[in-house]
There are 2 protein chains.
Amino acid sequence: MAERKRQLVADELRDAALMLLATKGFDAVTVDEIVAAAGMSRRTFFRYFASKEDVVVRFLADMSAGIVAELAARPPAEPPSVALRHAVWVPFAACTDRPDHSERARVVVRLILDTPALQARWLERQIQWRADLAAELAARRGLDPDTDPYPRMAAGMTLLALDTVLRQWQAGDDEQHLAELTDRAFAVVAPALDAPTPSHGAG
Amino acid sequence: MAERKRQLVADELRDAALMLLATKGFDAVTVDEIVAAAGMSRRTFFRYFASKEDVVVRFLADMSAGIVAELAARPPAEPPSVALRHAVWVPFAACTDRPDHSERARVVVRLILDTPALQARWLERQIQWRADLAAELAARRGLDPDTDPYPRMAAGMTLLALDTVLRQWQAGDDEQHLAELTDRAFAVVAPALDAPTPSHGAG
DNA sequence: TATCTCTTGACACTCAGTGCCACCAACGGC
DNA sequence: GCCGTTGGTGGCACTGAGTGTCAAGAGATA
């Protein structure tokens, strides 16, 4: 009940912010304008979002929360490239299902890729995901995440594939090809993801 | 002559900043403290550096400026993994040569990896490098950088290897193993870098 | 010496983000 | 119905980053 109200306020703030930021550009919008559009006080904004960047980045971050969970749920015998491709697909599935959600997500992706400050925060988020993914991958293969570079680099390659797909998706106009873009991106990194672990003995 | 003086002022500012930031932590130091230590005015600081983060990040960015140039200078027939390994080695060579420079670089790397704001700016820099590397790689292999995901992803994997080496180097205490760390990181991504370009026909 | 240029310092300003306090609702006990 | 507690909100003042502007000083040239 109180939780529902909090979510309502956060949504209101986020909607007003995304509307303004997408139309006027990130730097041209102040927090005062956002809260004026949402009919709330400046102080309230910063109770819900850590920064102006946070409003935009959280929209995608929430969307991508299930990646690690999906990886943990994949069968252990599955090759890394296949398991990771399925994990990355989780946030995309929501886009292919609902076109309205998809169009909004594309606007947000475009805004992030066009704004250096947002891109930086977006990558900052990815650092945490990469660590989580790396831990999960290390557990899957029984590797030591501190000495073996494979888990962290495999996680990095996965996020690299995600980034590549988002860039091509945002640049194009058809969203039907999301699956194909994902396949092609993972085809590039798959030889390294599925390589017979040449670095084990050297650790 | 005037150029020399500018460089002198920038060095003074950078030294004072790195000293304070490394000892007190990034957030605990204000620009006013830095300029007080350097004996200059606040306004002058921002004429030489775009932001507080810029002082730290530029120290590594300058060090890494030669990567793309080295890649362009490698023989065209060389496999991508070998050429890129040589390119990444350029900034490391300066560290293995001069221990004093090396120790300072390690402090800066540690500071960046420990400070989210700095890490974000560091990644923001890497975005530009990745685009430059991708363009050079596309030219090398005659690929279209807009439709083929290989150049951008190969550049991303290279920076991923760089990041992995820096993380392990900063965590350990021996700098003699820089070459070995680099070899191991590139061994992970080499299968993808040197794969027989399976995505060509699909573009 | 007059002038032109380049750099600096000083001041004022915008804006992000935070700490603090007073206010207002909902809720439970007497 | 009156009370205290709890949680969210708005207002206010503050710090600190970053920018625009202008006047002053150093150095080179005619």
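A few comments on the model shown:
- Put a plus charge on the Cβ of each Lys and Arg, a minus charge on the Cβ of each Asp and Glu, and nothing anywhere else: the dipole of chain A about its Cα centre is then about 500 debye.
- Most fluctuating residue given options A:R130, A:R85, A:R43, as computed from a GNM of chain A linking Cα atoms under 10 Å: A:R43
- Average other protein chain Cβ within 10 Å of Cβ, residues B:178-190: 4
- Inter-chain shielding of A:126-137 (mean C-beta neighbours from other protein chains, 10 Å cut-off): 1
- Taking other residues whose beta carbon is less than 12 angstrom from the beta carbon of B:R6, and scoring Lys, Arg as +1 and Asp, Glu as -1, yields 0.
- Exposure of B:W89 as accessible area (Å², to 10), given a probe of 1.4 Å and all protein chains: 60
- Nm distances between copies for A:D194, ranked from closest, using label points 7 Å along Cα→Cβ: 1.9
- Screening chain B for whole DSSP H helices with an alpha carbon extent of at least 30 angstrom along the helix axis and a mean Kyte-Doolittle hydropathy of at least -1.0 yields B:2-24, B:116-141, B:150-171.
- Inter-copy label distances at A:G172 (7 Å, Cα→Cβ; nm, one decimal): 4.2
- Packing-based order for B:27-35, B:117-125, using average beta carbon neighbours within 10 Å, highest first: B:117-125, B:27-35
- For the chain pair A and B, the buried solvent-accessible surface (1.4 Å probe, both sides summed) amounts to about 2900 Å².
- Each Lys or Arg adds one and each Asp or Glu takes one away; over the other residues whose Cβ falls under 12 Å from the Cβ of B:R140, this sums to 0.
- Per-residue mean of foreign Cβ neighbours for A:28-34 is 0 (Cβ atoms of other chains, 10 Å radius).
- Cut-off 11 Å between beta-carbons: net charge of the residues surrounding A:L71, Lys and Arg +1, Asp and Glu -1: -1
- Heavy atoms of A:D114: accessible area, 1.4 Å probe, square angstrom to 10: 110
- Distances between equivalent label points of B:G66 across the copies, with each point positioned 7 Å along Cα→Cβ, amount to 5.0 nm, shortest listed first.
- Members of the stretch B:107-121 that become less accessible by 20 Å² or more once partner protein chains are added (1.4 angstrom probe, chain alone as reference): B:P116, B:Q119, B:A120
The values are calculated or read from the model by the stated rules, or taken from the named source; none is laboratory data. These numbers come from a predicted model, not from an experiment. We place every Cβ from the backbone using ideal geometry, glycine too, and count neighbours over all the protein chains shown. To get the accessible areas, we keep the full protein, side chains included, count just its heavy atoms, and leave off ligands, DNA and RNA. Shrake-Rupley method; radii C 1.70, N 1.55, O 1.52, S 1.80 Å.
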